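The values are calculated or read from the model by the stated rules, or taken from the named source; none is laboratory data. Please read all numbers here as calculations on a predicted model, not as lab measurements. FYI the Cβ positions are ideal-geometry reconstructions off the backbone, even for glycines, and counts take in every protein chain you see. Remember, those area values only see protein heavy atoms, side chains included, never the ligands or the DNA or RNA. Shrake-Rupley method; radii C 1.70, N 1.55, O 1.52, S 1.80 Å.
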Amino acid sequence: MILEALPKAAFSLLASSNTLKRLASRYGMRRRGSFARRFIAGESVAEAIEAARQIEQQGLMVTLDLLGESVASSDEAAVATREYLDSVAVIERAGIGRNISLKLTQLGLDVDRATCIDNLRRVLDTSAKSGFFVRVDMEGSAYTDLTIEVLETVWNIGYRNVGTVIQSCLKRSAGDIDRLNALGVRVRLVKGAYSEPREVAYQQKADVDAAFVELMRVLLRAGTYPAIATHDPAMIEATSSFAMQQQISKDKYEFQMLYGIRRDLQAELSRAGHPFRVYVPFGKEWFPYFMRRLGERPANVGFVVRSILREK
Ligand SMILES: Cc1cc2nc3c(=O)[nH]c(=O)nc-3n(C[C@H](O)[C@H](O)[C@H](O)COP(=O)(O)OP(=O)(O)OC[C@H]3O[C@@H](n4cnc5c(N)ncnc54)[C@H](O)[C@@H]3O)c2cc1C
């Protein structure tokens, strides 16, 4: 199908279209069965908590992500930070797993680093008091250095309830993992969701996969409770067999997948006794996240089009 041939880059271009965003926003989340709900738990924290409860009832863990990124002013970053603090309070009262994910550009990384660090510290302070773990998602390669530096800054101040993400598509990642392992920072390993230039990133799936296996091995051997985040059965198999061969027990690492993707595999892995976490995104700013999910699997576009036609 022609859609399969669309590169990730096409989706990131479309993600910047305001018209498309307006259209998607109108139809994407309005009912229970609307198309964006396949990947996004809802626009409110209450809906995310409801989804998280259902996931936890199946024996899986969660991390909740209040969607948002690329804010352009310190006022917007302050609003996003406040929303995170409010969400932490609501999640705590709800009694579900205390684990959140966030993006630094949501907290003002594009505005200036000091603002971003201040905002992150506010989230980490409140989170630490209630025993929350905070995962700093990794964004496009323009932010890799900055993200790791911010992580190191808060780590050196003394925060320990924080970890980050490394992408196997980036050629630099082995060095970054060594740097984070040396500190004891928890790393989530992913393939990488952004369209990246060939100077910095592998372009072939086979190379991204080979790097993923290499990095997974380093993390399992020398990392601190790493998260292996993928829906790819070959990567999961490589992880399980390496762990078995090295006699690394299942409680030393966890698998993670995104909400709504490969639910069959999620349940299967959890039944097999693997600690397993589902990333549950929610919030009004769901459009860029949604477009990345389409870009990973253009066949999803067919599903979206069918849903829109059904709704109309
Ligand atoms: C918990 C979690 C957190 C993440 N955090 C980040 C982050 O911080 N930064 C970042 O850059 N990326 C992040 N990602 C996304 C990641 O980088 C990949 O883009 C994404 O996971 C797809 O790669 P894959 O490993 O599943 O393998 P792929 O080879 O892309 O896919 C393997 C199989 O998984 C299924 N699949 C994958 N994606 C989809 C989809 N969208 N819809 C339907 N089926 C699909 C298909 O069956 C496919 O054949 C995260 C992923 C997870 C699971």
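Provide the net charge surrounding Q256, with neighbours chosen by a C-beta distance below 10 Å and charges set as Lys +1, Arg +1, Asp -1, Glu -1.
It works out to a net charge of +2.
For every helix of n ≥ 4 consecutive DSSP H residues, a contribution of -39,500 (n - 2.57) applies; sum these over the chain, divide by its total residues, and give [θ] at 222 nm rounded to the nearest 500 deg cm²/dmol.
Mean residue ellipticity, 222 nm, calculated: -16000 deg cm²/dmol.
Among rounded, prolate and oblate, which fits region 162-250 when a ≥ b ≥ c are the square roots of the eigenvalues of its C-alpha gyration tensor, a/c under 1.5 means rounded, and a/b larger than b/c means prolate?
Since a/c reaches 1.5 but b/c is at least a/b, the shape of region 162-250 is classed as oblate.
Just in region 35-95: which chymotrypsin sites (Phe, Trp or Tyr not before Pro) are loop by DSSP and have at most 12 other Cβ atoms within 10 Å?
Taking region 35-95 and a limit of 12 other Cβ atoms within 10 Å, no loop chymotrypsin sites (Phe, Trp or Tyr not before Pro) are found.
Hey, any idea what Rg/Rh is for the chain, computing Rh the Kirkwood way over Cα pairs?
0.94
So if I average 1/r over every pair of distinct C-alpha atoms in region 31-137 and take the inverse, what Kirkwood radius in Å does that give?
Answer for region 31-137: a Kirkwood hydrodynamic radius of 14.3 Å.
At 1.4 Å probe size, put D65, D125 in order of accessible surface, largest to smallest.
D125, D65
Go through region 166-251 and name the GluC sites (Glu not before Pro) that are in a DSSP coil and have 13 or fewer other Cβ atoms within 10 Å of their Cβ.
Here the sparse-neighbourhood loop sites are E199.
Using the Cα centre as the reference, give the magnitude of the dipole from point charges on the C-beta atoms of region 154-260 (Lys, Arg: +1; Asp, Glu: -1; all else neutral), rounded to the nearest 20 debye. Before the final figure, lay out each step's value.
Numbers: 13 positive and 11 negative charges, 56 e Å.
Its charge dipole is roughly 260 debye.
For S168, enumerate residues with amide H under 5 Å from its amide H, sequence gap 5+ or separate chain, H modeled in the peptide plane.
For S168, the qualifying residues are V190, K191, G192.
Once a ≥ b ≥ c are taken as the square roots of the eigenvalues of the Cα gyration tensor of region 255-300, is the result rounded (a/c under 1.5), prolate (a/b larger than b/c) or oblate (a/b not larger than b/c)?
oblate
Using a 1.4 Å probe and counting only protein heavy atoms, arrange D209, D86, D118 so the residue with the most accessible area comes first. Numbers along the way, then the final one.
Numbers: D209 25, D86 70, D118 95 Å².
From most accessible down to least: D118, D86, D209.
Only four residue types carry charge here, +1 at the Cβ of Lys and Arg and -1 at the Cβ of Asp and Glu. Report the dipole size of the chain about the Cα centre in Debye, rounded to the nearest 20. It would help to have the intermediate numbers written out before the result.
On the way: 43 positive and 37 negative charges, 200 e Å.
The calculation lands at about 960 debye.
Considering the options G223, V190, A201, tell which one lies farthest towards the positive end of the dipole of region 141-232, charges being +1 on Lys and Arg and -1 on Asp and Glu at the Cβ, about the Cα centre.
G223
Once you sort the root eigenvalues of the Cα gyration tensor of region 122-275 as a ≥ b ≥ c, which label holds: rounded (a/c under 1.5), prolate (a/b larger than b/c) or oblate (the other case)? Can you show the working numbers first?
On the way: a/c = 1.55, a/b = 1.14, b/c = 1.37.
It is oblate, given that a/c is not under 1.5 and a/b is not larger than b/c.
Rounding to the nearest 20 debye, state how big the charge dipole of region 199-312 is about its Cα centre with +1 on each Lys and Arg Cβ and -1 on each Asp and Glu Cβ.
460
Compare the Cα positions of Y279, Y84, G175 along the charge dipole of the chain (+1 at Cβ of Lys, Arg; -1 at Cβ of Asp, Glu; about the Cα centre) and return the one farthest towards the positive end.
So the residue furthest toward the plus end is Y279.
Only sites in a loop by DSSP and with at most 15 other Cβ atoms within 10 Å count here; which trypsin sites (Lys or Arg not before Pro) in region 30-72 make the cut?
Sites meeting the loop and neighbour criteria: R30, R31, R32.
I need to check one value: relative contact order of the chain, counting alpha carbon pairs closer than 8 Å and at least 6 residues apart, in percent.
The value is 26 percent.
Among A234, V71, F39, whose Cα sits farthest toward the positive end of the charge dipole of the chain (+1 at Cβ of Lys/Arg, -1 at Cβ of Asp/Glu, about the Cα centre)?
F39
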